Structures are given as C-alpha cells and as structure tokens.
Amino acid sequence: MPEKDTLFKLVGKALESADPYLAVKRSLMFKEGKLRVEETEFEIKGKVHVLAIGKASCKMTRALFDVLPEETIGKSLVVTKYGYTEDSPKRVKVIEAGHPVPDENSLLAGKLGLELAKNVKKEDILLTLISGGGSALFVYPAGDISLNDLKITNELLLKSGATIREINTVRKHISRVKGGRLAKVVKGTVVSLIISDVIGNDVSSIASGITAPDPTTYVDAYEVLVRRGILEKLPESVREHIEMGLKGLIEETPKSLPNVHNFIIADNEKACEAVAEKARELGFNSAVMTTTLEGEAKEIALAVGSIVEEIAKKDRPLKRPALMVFGGEWTVTVGDSKGLGGPNQEFALSIARKIAGLNATVVAFDTDGTDGPTKVAGGIVDGETLRKLEEAGIDIEEVLKNHDSYRALKKVGALLKTGPTGTNVNSMVVVMVR
C-alpha cells in the first residue's frame, strides 16, 4: 500500500539520522596531536584507549578508527549485542553479550572493561563510546551478588513496569561499574561520545551512567523496589546489599567526576525532527508532538489514537494530510503473563482499536530493530487492522490482557521487521492521517 511505503521511507529517515557511524564522524576530529569533540579540544599526551559499549558500539568504533591515526590508539574493547558485529573493525577485541538479559559474556565484558579503565595512565585518554543496551551488555555485580541474582533482579524490574530511570537507579547501586564507578577508577581523562536512548538525555541513566556522576542514592533504589512491589521478591544477596547501602556501610556512587567529559552526539529528538522534515517535503502537514512520551504502552496508545480521531474528523490539531511523530520510551507491565511481544507491538495493537475505520496508518517501532524479546522492530496498523483481527478469530482485548501482541500482529501481517539497525535512540511512533 502506498501509505505504508511512505511510512517505511520515514522509518528509514529516522534510522539514517541516528546512524552511529555518521554521528561520530560529525562530532569527532583529530588535528595536530589534538582530539576535538564538537567545540572542545583535548591534547593527546599519551595513548587514547577505547571502550565501546552498546548496540551501536561497532559502528561507532569503526568511525573512530577512521578518524584517529592508528598509532594514537592504545588498548580497545568493544561490547555489543549478539548479531551486531557486522561493522566492527577487525583489529579490535569484540565481545558479544546478552540483551535485554545479561549473560556470562556481559560479566566478562564488565570485568575486562574495569581492568582497562584501571590501567589508563594519568597522561592517557579513555575514549568511551556509549549507546543503548549498555546496562545489560556490561555488568559486574557488586559485593556477593551473583550473575544469576542480577538476572533475576533485572527480570523483576522489567516485568514490574518500572521506567528506565527507575531500573537504572537500582542497577547503579548493585554494580561495580555503573553509576560512575567505572570512570572513578580512571587516572587520566575520560571523553564519552554518547548516543542517547534515554528521554531527556540524562547521561547518568544512559547505559546506567558508567561515566557520569550519579544523583541517585541507595534510598532512591530502595524506594523504587518498594514502589514497584518487588523488594521481597529480590534475591537475598541483592536485598542485603541495598540494606547495607541504606546503613552507610557501602560507599555511595560518585556525585562528582571532574576528569570526565560527556557529549551527546545523537538522540531521539534529532531522529523525530528528521522524520517531520522529510514528511513536509512529501506534502504532509507534519509535527513532532513530543519526544518525552512515557507510560503503559496500551494506555498511551489510546491517548495518541484520540488525537488521530480528532484529525480524521475535525482537522485539528493538524489539517489532513497530516503526519505526527512521537518519541519516547513506553513500557509493558507483564506480570505473570506468558505472552510474546514488546512495547511497540502492544502500542500498535492497542491503537488499532481506536483508529478502526479511520483513514489512518500508524507505525510504532524501536529504533534498534528489536522490540522486547522479539526479533521485530514493532508493528504497523491501519483502519482495517481491527476488522482483520476479528475475522482471524482474535479477541484483541484478551490478547492485550495476556500481552501476546506478537502472535496477533503476525497473523494479520502487521509486524515491522528492520533487522538489527546498529543504533538505538528510544522508540518512535509515526502516524499518517490521509
């Protein structure tokens, strides 16, 4: 369908604007023994060591190696998700690790990364390349917490409906590397190029802030666990560690890191603006409605659907043909459900109820190409999707209750597949009203 082809082009535009290779090449420059990031210069007196963590780390590293002379580069370590190594430079050590659930390789990456950071000399630079997914890909539990206990804790947090900020608050307080702890051991200068997957670009939350001062405390972590009702479900080692932190028996995360310089080089806002601009070129009345959309996927989908209905019936707040862009990070409170899907698939399935019969098409997708534990980016639905679901014998309310959006959308050909994109700047929704 022509409208779906147009939406696919706009999805491509969003991914192009967040391309990690181009983002690094735009931001980084080497000249006469100096490293320049945007408007800031750093004199290279020793070596530039490289630690790249996240789904975009291979592309970011390749760009870095294209900018810096090889003789300036010291040790390097790249950590990424399984299947995301295609663009990696051949002369660097790459560890593929688990996401969204950390695994043994995530632990290995954390240990090797901390060792690298400790060996950076005073005259050296540690150049960190950080992108989404780093929280799971790079772990080193604190105290007596095992990898399995960490995995259980992560799973409880993800299923509780906790926001990414809440999840990271807890993660930072049960880790040896998160919450600025990795940067604290570096004797030299830390320069971080960051692709943000966090609403508002809070560097202390991106990849759980391995190079950022942490404004949160053990008290904050404890309150998240209580608020989300999972404190008593935690492994004993995690609960004891948090309690020791509350008593002041464990050092807090660093609140100041004067040797660290963090730079955001790509984010959700830039991607949303690129889509809106391209849509205007195609003749649409377009607007970025928000880049801070948060909440339960199926609920905020109904709110967005109400705006779609308003445009379709009353030509407000935009006149048709209209195109709206929403950016942010929505969640699904899974509970004990055994369904399969992700926040964007659940968003798409939910909004299909609200736009039924309207001349509208909606695509909801994760910019990294993987929505939740599935291998699809999200879903694409229109005014006919609800009818198709009903004809296929699918009870949409029951599916939403069981969080089984993947199977339902698959039955009616409404899944969006991009494959791994090599980037991650949150989720996006693009709405077309014809």
### So residue 162, is it at pLDDT below 95, of a type in the set (Gly, Ala, Ser) and either within 20 Å of the chain's Cα centre (by Cα) or farther than 20 Å from residue 253 by Cα (or both)
yes
### Task
Of all residues in region 275-305, count the ones that are in contact with a Lys or Arg (Cβ under 7 Å, 6 or more places away or on another chain), farther than 24 Å from residue 346 by Cα and surrounded by 18 or more Cβ atoms within 10 Å (Cβ to Cβ).
2
## Note on the structure
Only one of (1) assigned to a strand (DSSP E or B); (2) open to solvent by less than 20 Å² (accessible area, probe 1.4 Å); (3) not polar (S, T, N, Q) does not apply to residue 329, and that is (2)
### Message
Cβ-Cβ under 9 Å, sequence separation 6+ or interchain: first residue in region 399-417 and buried (at least 18 other Cβ atoms within 10 Å of the Cβ), partner assigned to a helix (DSSP H, G or I) and of a type in the set (Asp, Glu). Which pairs?
### Response
400/346; 403/346; 404/398; 405/346; 412/391
### Message
Go through region 223-255 and report how many residues are in a helix (DSSP H, G or I) and within 20 Å of residue 147 (Cα to Cα).
### Response
14
### Task
Evaluate the following for residue 212: is it in contact with a Leu (Cβ under 9 Å, 6 or more places away or on another chain) and part of a helix (DSSP H, G or I)?
no
### Message
Among the residues in region 124-134, are any within 24 Å of residue 216 (Cα to Cα) and in a helix (DSSP H, G or I)?
### Response
yes
### Message
Out of everything in region 54-84 that is among the polar types (S, T, N, Q) and not in a helix (DSSP H, G or I), what residue ends up being nearest to residue 121 (Cα to Cα)?
### Response
76
#### Entry: The one condition in (1) closer than 17 Å to residue 207 by Cβ; (2) in a strand (DSSP E or B); (3) open to solvent by 20 Å² or more (accessible area, probe 1.4 Å) that residue 101 fails to fulfil
(2)
### Query
Which one of these is more than 21 Å from residue 267 (Cα to Cα), open to solvent by 50 Å² or more (accessible area, probe 1.4 Å) and within 23 Å of the chain's Cα centre (by Cα): 123, 115, 155?
155
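The values are calculated or read from the model by the stated rules, or taken from the named source; none is laboratory data. Fair warning: this is a prediction, and the values are worked out from it, not measured in the lab. Methodologically, a virtual Cβ is constructed for each residue, glycine included, from the backbone with ideal geometry; neighbour enumeration extends over all protein chains shown. What goes into the accessible areas is simple: the full protein's heavy atoms, side chains included, and nothing from ligands, DNA or RNA. Shrake-Rupley method; radii C 1.70, N 1.55, O 1.52, S 1.80 Å.
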